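To start, the structure under review is shown below, and the notes come after it.
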Amino acid sequence: MNWKRIEGFVQNLFLPAVTVGTATMEAWLNYSVSQVDQGLKEQITAVDIAIKEARDEREQINAEREFNFRIYELVQKSLEENNQQKQEVAKQFVLVMVDGELRKRLLGVLEAGGTPAIREETARVIAQEQVFETEQRAVLKSSRDNPPSFDWEDWDYDIFWCASSGAETREQANLIVDQLRREGARGRLRVRELPPSVNAKSGYKISGYVIRRGGDERPQAQALAELAERVLAESGFPAAFVQQPTTQQTRWYISAFVCP
């Protein structure tokens, strides 16, 4: 056996091959470990984010509960003291700061146990909001069997006027609806009051001239804005309508607000 040839093979071919193979395997292992490490880091980061979001949401819920409890205490104390001024303050807090079922219940408490003036005012607010909600439910049920042709007659329009802005805004809303009818609109056209208590709710808080539309309703909203601005300017009410996108699903329906 030629040991020199074997030794030369080992030194010149076998050992370099083993070295290269070992280095390649080490590089692959390092890459694999780094990939696993990166994946673990991403998972840990995602868990940390989820924990933080859950903690923030829990803190927000607790803060809202604490705030609502303070409002409840304010209402109860004003009733116990039979103090009309404090009851008026409590009522305003409820109207501006509270939504949903708690709002209805607190207004009901003030209507039942407040001074005569507070009971009367709160009953009026509740009645206005009930009328508004009834009309709004009709909006949400509105539907068509055929797709719109982008003409006036295929759409429903509510033109709101802010009671807090005065009766003149109702006149402006009527001018817009009258012009829509003259131009052939045959859908449901309504002039509707926006009571201050409703406008105080989150989701409203309207000021100025506003048109609310869905993402695919730009042509109709723009046409309504141009019509409204033209007819109001002709009657001495210069206005510039701002379009606000809304996520509320009300097909073939657009609302405009006159609240200067």
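Where a number appears in this text, it was derived from the coordinates with a stated rule and is not lab data. Keep in mind that what you see is a predicted model, and the values were worked out from it rather than measured. Cβ sites come from the backbone with ideal geometry, for glycine too, and all protein chains shown count toward neighbours.
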message = Around Ala239, under 14 Å between beta carbons, what's the net of Lys plus Arg minus Asp minus Glu among the other residues?
response = -4
inquiry  = Please report the antiparallel percentage of the DSSP beta bridges confined to the range 106-257, to the nearest 5.
reply    = 15 percent
ask   = In the calculated pair distance distribution of the range 148-259, what percentage of Cα-Cα distances lie above 18 Å?
value = 45 percent
query = Summing Lys, Arg as +1 and Asp, Glu as -1, what charge do residues with Cβ under 15 Å from the Cβ of Tyr209 carry, Tyr209 excluded?
reply = 0
task = Pick out, from Thr247, Thr169, Phe257, the residue whose Cα sits farthest towards the positive end of the charge dipole of the range 148-260, with +1 on the Cβ of Lys and Arg and -1 on the Cβ of Asp and Glu.
result = Thr247
